[in-house]
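Worksheet: the structure to be examined is printed underneath.
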Amino acid sequence: MEQPLKKKPWLLRKTVLPQNTDHAGVMWHGSYLNWLEEARVNALSQSGLSYVNISKNGYEMPVVEISIKY
């Protein structure tokens, strides 16, 4: 019988730079999508899956839908 996958905590730490903030010094909401994509590629890498190698093998993983509620 197959063992169920264990959920491991995963965290992407980012430094919020001034150019990613609004006039009040709060992280600008427009930066979220870029950071989510970075986190996706980073998570694959930490799992031993290189995004570049996946693509070279003919596989693509497009984002087909995204929703953010502020």
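Mean residue ellipticity at 222 nm from the helices of the chain, using -39,500 (n - 2.57) per DSSP H segment of n ≥ 4 over the full residue count, to the nearest 500 deg cm²/dmol?
Dividing the helical sum by the residues of the chain leaves -9000 deg cm²/dmol.
Given the whole protein assembly as supplied and a 1.4 Å probe, what does the accessible area of L33 come to in Å², nearest 10?
90
For a quick check of understanding: with a 1.4 angstrom probe and all protein chains in place, what accessible area in square angstrom does T21 have, to the nearest ten?
Approximately 40 Å² for this residue.
For the chain, modelled as a GNM with alpha-carbon contacts under 10 angstrom, which of L36, L17, L49 fluctuates the most?
L17
Which one, S31, N20, S45, is farthest towards the positive end of the dipole of the chain when Lys and Arg carry +1 and Asp and Glu -1 on their Cβ?
So the residue we want is S45.
Probe radius 1.4 Å, ligands and nucleic acids left out: which of I68, I54 has the largest accessible area, and how do the rest follow?
On the way: I68 60, I54 30 Å².
Result, largest first: I68, I54.
Ordering E38, E65 by accessible area with a probe of 1.4 Å, largest first, what comes out?
E65, E38
Which value, in Å², gives the accessible area per residue of the chain when a 1.4 Å probe is used on the protein heavy atoms? Present the calculation step by step, with values, prior to reporting the outcome.
Numbers: 6690 Å² over 70 residues.
Accessible area per residue: 96 Å².
If you compute semi-axes √(5λ) of the Cα gyration tensor in Å for the structure shown, which of (i) 19, 12, 10; (ii) 22, 16, 9; (iii) 29, 16, 13 do you land on?
Looking at semi-axes √(5λ) of the Cα gyration tensor in Å for this model, the match is (iii).
Reachable aspartates and glutamates from K8, Cα under 19 Å, same-chain residues fewer than 8 places away excluded?
Partners within reach: E38.
With every protein chain kept in the model, how would you rank S50, S31, S67 by accessible area, 1.4 Å probe, largest at the top?
Descending accessible area places them as S67, S50, S31.
Output ³J(HN,Hα) for segment 59-65: one whole-Hz value per residue in order, computed from phi by the Karplus curve 6.51 cos²θ - 1.76 cosθ + 1.60 with θ = phi - 60°, and x for Gly and Pro.
Coupling constants for segment 59-65: 9, 10, 10, x, 7, 9, 7 Hz.
Leaving out ligands, DNA and RNA but keeping every protein chain, what accessible area does Y51 have, in Å² rounded to the nearest 10, with a 1.4 Å probe?
Ignoring ligands and nucleic acids, Y51 comes out at about 70 Å².
Over the chain, with every protein chain in place, what whole percent of the accessible area is carbon and sulfur at 1.4 Å, could you tell me?
With neighbouring chains kept in place, the figure for the chain is 56 percent.
The values are calculated or read from the model by the stated rules, or taken from the named source; none is laboratory data. Source: prediction; values computed, not measured. Note that we place each Cβ from the backbone using ideal geometry, even for glycine, and neighbour counts take in every protein chain shown. Ligands, DNA and RNA are stripped out before the accessible areas are found, and what is left, the full protein with its side chains, is counted by its heavy atoms. Shrake-Rupley method; radii C 1.70, N 1.55, O 1.52, S 1.80 Å.
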